[in-house]
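Data first, discussion second: the structure below is written as structure tokens.
The values are calculated or read from the model by the stated rules, or taken from the named source; none is laboratory data. The structure presented is a predicted model; accordingly, all values stated were derived computationally and were not measured. Here Cβ is always computed from backbone atoms with ideal geometry, including for glycine, and neighbour counts include all displayed protein chains. Accessible surface is based on the protein model in full, side chains and every heavy atom, while ligands, DNA and RNA are left aside. Shrake-Rupley method; radii C 1.70, N 1.55, O 1.52, S 1.80 Å.
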Amino acid sequence: MQVRFASVRPDGDYVLALPVGSGSGAVDRIGLDGAALAIVRRAAAASRFEGEAGAIAEAVTPEGEGVRRLLVVGTGAAGDNERNGYEQAGGALTTRLLTSGEKTLVVDVSKATGDAAVAAAHIAFAALLRGWRHDTYRTKLPAKSKPSLAEIVIVGAGDDFVSKAEATWTPLKALADGISFTRELVSEPANIIYPESFVERCQPLKDLGVEIEVLDEAAMAKLGMGALLGVSQGSERPAQLLVMKWDGTGGAKEPIAFVGKGVTFDTGGISIKPAGGMEDMKWDMGGAGAVAGAMKALASRKAKAHVIGVCGLVENMPDGKAQRPGDVVTSMSGQTIEVINTDAEGRLVLCDAITWVQRTHKVKTVIDLATLTGAMIISLGHEHGGLFANNDELADALVAAGKASGDKLWRFPMSDAYDKLIESPIADMKNVGPRDAGSITAAQFIQRFVEDGVKWAHLDIAGMVWAAKPGTLWDKGATAFGVRLLDRLIADKYEG
Ligand code: BES
Ligand code: MN
Ligand code: ZN
């Protein structure tokens, strides 16, 4: 979808949308009069429209009255969640029009409440994201199901509207590009995206100034990454450790690290999962996908921050060579792990990736993202990601970035009592505790690899990377949870 900003409405055939804040008589505030106002008033009354965020009153205008369809779209109450109201409006317009047959949507924000440039950019952002689809393998889509909406033109008043809207849009466009990239990685099936092909898809980030380094299995073996390699040993696909570096500070700042779980398919290994729903485990690389998309967003907008993104990429398969329950592996940190359950593989991948980035890049802050536990979905469903941290300031900053960006987080407790639950009779620890508090014991496991003086947060995003229902900014499927969050955190805490 093309996005354009203009100071006058274009000529030609299009749908016109007029955003309006909530309250009774909303439609009287959009600058219409005569026959058009009468039609819109009837449409609003018929759908009980009062400008609620994302609500739409649609009027089909008689021939000769100009635009064919007129949509009044609600942006909700003015106030501090104004951006959210615009995003709901932009998302709702796209939902309504994407496959409607209409090609061009013109949104006139000149009567919108608040800052017109902000309204314009956030409506465009939501429209673009809500319109994202993965149709790569649908060769027989009926014409009526194909997206028709190709262009969105956002019109505002005032001489400097266009330049202000473009300035607000540029970083949001970068963020949307990062999100789209994550969704692509997450949506692809596991015969297409596996460790090596994941790395290949990330290579174009070089053109944005991202430095890319890849450790193959030989390099990882030399470093002693027995935990990560143990997960991978049942797969024909070789594991990869992908490292993406973005320094927008010219060497002036210490790096912060993002580490993603990139299990490109999780069968469970020898502790094999049941068949029903196993196909979902193609998105067990959603943490790594979010890290790659965040790196793309940050580099695209030339963020003044120094960030290292690490993706631990493996496939977890059962095989004659696969690791067995009860095997003991030695991690890069030197700590030994009794692998009780080969399906608790994410933590085994993360621990070596985290040790590597701490030792190689001397980072003082590490944030990992992982579809780590089914228990997290039991706890929080699909509304919040789980947050675990060893530092209150970092945790608070993440919660705040979650609220501001829309990728919401909820913090969980950690303690020595939970940590005791993963003690092993044969090794330094085991990779699972009892069923109770499964997400917390997983976090305790990872924390054992966090080195002294390092601020660390773990985001268990198992319930968030894939949506069964459409949302404001996504259709069913990949959400790219984490990308908006990390971009917001960097913008608020690690730039300038
Ligand atoms: N990738 C899964 C967690 C998961 C399950 C994510 C469902 C999204 C949806 C993870 O590797 C896993 O299998 N975890 C086990 C841990 C258990 C063996 C302690 C789980 O949650 O069942
Ligand atoms: Mn698993
Ligand atoms: Zn997994």
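Kindly provide log₁₀ I(q)/I(0) values, in the same order as q = 0.14, 0.15, 0.17, 0.20 Å⁻¹, from the Debye equation applied to equal alpha-carbon scatterers of segment 2-159.
Those come out to -0.65, -0.75, -0.95, -1.29, one per q.
Between Asp33 and Lys469, what is the FRET efficiency for a Förster distance of 35 Å, r being their Cβ-Cβ separation, to the nearest 0.05? Intermediate values should be presented prior to the final figure.
Numbers: r = 40 Å, r/R0 = 1.13.
My answer for the efficiency is 0.30.
Would you mind computing, in nm to one decimal, how far apart the modelled labels at Lys420 and Lys111 are, each placed 7 Å from Cα along Cα→Cβ?
In this crude spin-label approximation the distance works out to 6.7 nm.
Could you work out the pair-distance distribution P(r) of segment 82-141 from its alpha-carbon pairs, with 5 angstrom bin width and percents rounded to whole numbers?
Per 5 Å bin, starting at 0, the Cα pair percentages come out as 4, 18, 25, 22, 14, 8, 5, 3, 2.
Could you give the nm distance between label points at Lys364 and Arg9, where each point is 7 Å from its Cα heading toward the beta carbon?
5.6
Based on the Kirkwood radius over alpha-carbon pairs, what is the Stokes-Einstein translational diffusion coefficient of the chain at 20 °C with 1.002 mPa s viscosity, in µm²/s? Present the calculation step by step, with values, prior to reporting the outcome.
On the way: Rh = 23.8 Å.
Diffusion coefficient, whole number: 90 µm²/s.
Given a cut-off of 18 Å, what percent of all Cα-Cα pairs of segment 158-264 lie beyond it? Don't skip to the answer; put the middle values down first.
Details: 3551 of 5671 pairs.
Roughly 63 percent, once rounded to a whole number.
Could you state how much accessible area Tyr137 has, in square angstrom rounded to the nearest 10, with a 1.4 Å probe and all protein chains kept in place?
120
Can you pull the one-decimal nm distance between simple spin-label points at Val60 and Val328, each 7 Å off the Cα toward Cβ?
That separation, rounded to one decimal, is 7.5 nm.
Can you give the calculated 222 nm mean residue ellipticity of the chain, where each DSSP H run of n ≥ 4 adds -39,500 (n - 2.57) and the sum is split over every residue, rounded to the nearest 500 deg cm²/dmol?
Numbers: 14 runs with 167 residues, N = 496.
Helix contribution divided over all residues of the chain: -10500 deg cm²/dmol.
List residues of segment 475-493, by number, whose backbone nitrogen lies under 19 Å from a label position 7 Å along Cα→C-beta of Ala400.
Of the residues in segment 475-493, 484-493 have backbone N under 19 Å from the label point off Ala400.
Figure the gain on full extension for Glu495 and Ser148 (residue separation times 0.36 nm, minus the Cα-Cα span) and round it to one decimal in nm.
On the way: separation 347, 0.36 × 347 = 124.92 nm, distance 3.91 nm.
Going from the current span to full extension adds 121.0 nm.
What are the ³J(HN,Hα) values, in whole Hz, obtained from phi via the Karplus relation 6.51 cos²θ - 1.76 cosθ + 1.60 with θ = phi - 60°, for each residue of segment 146-159 in sequence order, with x given for Gly and Pro?
Going residue by residue, I get 7, x, 9, 5, 10, 9, 10, 10, 10, 10, x, 9, x, 4 Hz, with x marking Gly and Pro.
For segment 194-210, list residues with backbone N below 16 Å from a point placed 7 Å from the Cα of Lys321 toward its Cβ?
Under cut-off, by backbone N: 195-196.
For segment 216-246 and segment 454-493, write down the distance between their C-alpha centroids in whole Å.
If we compute the Cα centre of each part, the gap is 25 Å.
Show me 35-41, 419-425 ranked by packing, highest mean number of other Cβ atoms within 10 Å first.
35-41, 419-425
Of the listed peptides 432-442, 451-461, what is their order by residue-averaged count of other C-beta atoms within 10 Å, with the highest listed first? Spell out each step's value before the answer.
Values: 432-442: 19.0, 451-461: 21.0.
Sorting 432-442, 451-461 by mean packing, highest first, produces 451-461, 432-442.
Which pairs in the list Lys364/Lys403; Lys430/Lys455; Lys206/Lys261; Lys206/Lys245; Lys253/Lys362; Lys455/Lys493 are over 18 Å apart, alpha-carbon to alpha-carbon?
Values: Lys364/Lys403 24 Å; Lys430/Lys455 24 Å; Lys206/Lys261 22 Å; Lys206/Lys245 10 Å; Lys253/Lys362 12 Å; Lys455/Lys493 14 Å.
Where the Cα-Cα span goes over 18 Å, the pairs concerned are Lys364/Lys403; Lys430/Lys455; Lys206/Lys261.
Enter the mean projected area of the convex hull around the alpha-carbon atoms of segment 357-496, in nm², rounded to one decimal.
Values: hull surface 38.2 nm².
Mean projected area for segment 357-496: 9.6 nm², to one decimal.
If packing is taken as the mean number of other Cβ atoms within 10 Å per residue, what is the order of 156-162, 328-334, highest first? Spell out each step's value before the answer.
Working: 156-162: 15.0, 328-334: 18.6.
In decreasing order of mean packing, 156-162, 328-334 become 328-334, 156-162.
Using the alpha-carbon centroid of each, what span in Å lies between segment 6-46 and segment 370-415?
Cα centres, segment 6-46 to segment 370-415: 41 Å.
Which angle between 0 and 90 degrees, to the nearest 10, do you get for helix 286-300 versus the longest principal axis of the chain when only C-alpha atoms count?
That works out to roughly 60 degrees.
Counting just the Cα atoms, what span does segment 242-368 cover along each of its three principal axes? Round to the nearest Å and put the largest first.
Computed over segment 242-368, the largest-to-smallest principal extents equal 48, 33, 18 Å.
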